[in-house]
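Trainee: Got a structure for you, written out below as structure tokens; questions coming shortly.
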Amino acid sequence: MAELLHREETHRLIGLCMEIHRELGRGHDEIVYKDAMVVELSRAGIPFEREKRFQITYKGALLRHPYFADFVVWDRIIFEAKAVERIGEAHTKQVLNYLAASRLRVGLLVNFGADSLDWKRVVL
């Protein structure tokens with residue numbers, strides 16, 4: 001069986017998310033979970049960029065509206081946080097678009113809005 005790309009890193013991020021969900025529970029706005037993620041990533045000494053901007057080009061022209069990924073962690077994983085009832089196809093497509101724009105291969109889509117933490121690993 002092939003080894004999952006960035007397996008250890010994504011598992012570590014999921015562990016941090018479980019801690020956040022255990023502490024805060026569900027029901028908060030998405031921004032609260034993102035702020036808590038900053039605390040957890042910082043305390044763990046994990047390098048990240050928040051609201052990472054990715055420019056989109058079309059036929060060599062730079063488009064006016066960029067993408068903003070919630071986090072890029074370790075310069076190789078897109079991390080997208082949600083606080084919704086359930087993860088939908090539109091959320092997965094959003095992560096795939098971020099991956100294409102960033103030229104990264106692995107994304108982690110995490111939903112803090114359900115009774116228990118829900119997550120999806122997205123690979124381009």
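Each reported figure results from applying straightforward, stated rules to the coordinates on display, with no laboratory input. Computed from a predicted structure; not experimentally measured. Positions of Cβ are backbone-derived with ideal geometry, glycine not excepted, and every protein chain shown enters the neighbour counts.
Trainee: Less than 15 Å Cβ to Cβ from LEU24, Lys/Arg counted +1 and Asp/Glu -1: what total charge do the surrounding residues give?
Mentor: Neighbour charge sum, excluding LEU24 itself: -4.
Trainee: Highest GNM mean-square fluctuation, the chain, Cα pairs closer than 10 Å: which of ALA100, ALA44, ALA61?
Mentor: So, out of ALA100, ALA44, ALA61, the one fluctuating most is ALA61.
Trainee: Now for a separate question. Pulled fully out, how much extra length does the chain show between GLU85 and ASP115, if you take 0.36 nm times their separation in residues and subtract their Cα-Cα distance?
Mentor: Values: separation 30, 0.36 × 30 = 10.80 nm, distance 0.88 nm.
Extra length from GLU85 to ASP115 when fully extended: 9.9 nm.
Trainee: Taking the alpha-carbon distance from LYS93 and a cut-off under 14 Å, which aspartates and glutamates remain once sequence neighbours fewer than 8 residues away in the same chain are dropped?
Mentor: Once the sequence-local aspartates and glutamates are set aside, what remains near LYS93 is GLU80.
Trainee: Kindly provide log₁₀ I(q)/I(0) values, in the same order as q = 0.25, 0.34 Å⁻¹, from the Debye equation applied to equal alpha-carbon scatterers of region 65-110.
Mentor: Those come out to -0.88, -1.38, one per q.
Trainee: What length, rounded to one decimal in nm, is gained on full extension from GLU9 through to LYS59, with 0.36 nm per residue of separation minus their alpha-carbon distance? Numbers along the way, then the final one.
Mentor: Values: separation 50, 0.36 × 50 = 18.00 nm, distance 3.46 nm.
The GLU9-LYS59 span can extend by a further 14.5 nm.
Trainee: Next question, about the same structure. Tell me the net charge near HIS91. Cut-off is 11 Å between Cβ atoms, HIS91 excluded, with +1 for each Lys or Arg and -1 for each Asp or Glu.
Mentor: Details: positive: LYS82, ARG86, LYS93, LYS120; negative: GLU80, GLU89, ASP118.
Neighbourhood net charge equals +1.
Trainee: OK, next. Where does the longest stretch of the chain lie that holds no GluC sites (Glu not before Pro) found in a DSSP loop with 14 or fewer other Cβ atoms within 10 Å?
Mentor: On the way: sites that count: GLU3, GLU85.
Of all site-free stretches, the longest is 4-84.
Trainee: Give me the one-decimal Kirkwood hydrodynamic radius in Å for region 36-85, with the sum taken over alpha-carbon pairs.
Mentor: Details: mean 1/r = 0.0804 Å⁻¹.
Roughly 12.4 Å, rounded to one decimal.
Trainee: With the contact rule set at Cα under 8 Å and sequence spacing of 6 or more, what percent relative contact order holds for the chain?
Mentor: Details: 198 pairs, mean separation 29.3, N = 124.
For the chain, the relative contact order is 24 percent.
Trainee: Before rounding to the nearest 500, sum -39500 (n - 2.57) across all DSSP H runs of length at least 4 in the chain and divide by the residue total; then give [θ] at 222 nm in deg cm²/dmol.
Mentor: Working: 3 runs with 47 residues, N = 124.
Computed ellipticity for the chain at 222 nm equals -12500 deg cm²/dmol.
Trainee: Please work out the ratio of the alpha-carbon Rg of the chain to 2.2 N^0.38 Å and round it to two decimals.
Mentor: Values: Rg = 14.4 Å, N = 124, 2.2 N^0.38 = 13.7 Å.
The chain yields a ratio of 1.05.
Trainee: Multiply the residue separation of LEU96 and GLU49 by 0.36 nm, subtract the distance between their alpha-carbon atoms, and state the gained length in nm to one decimal. It would help to have the intermediate numbers written out before the result.
Mentor: On the way: separation 47, 0.36 × 47 = 16.92 nm, distance 1.83 nm.
Computed gain between LEU96 and GLU49 is 15.1 nm.
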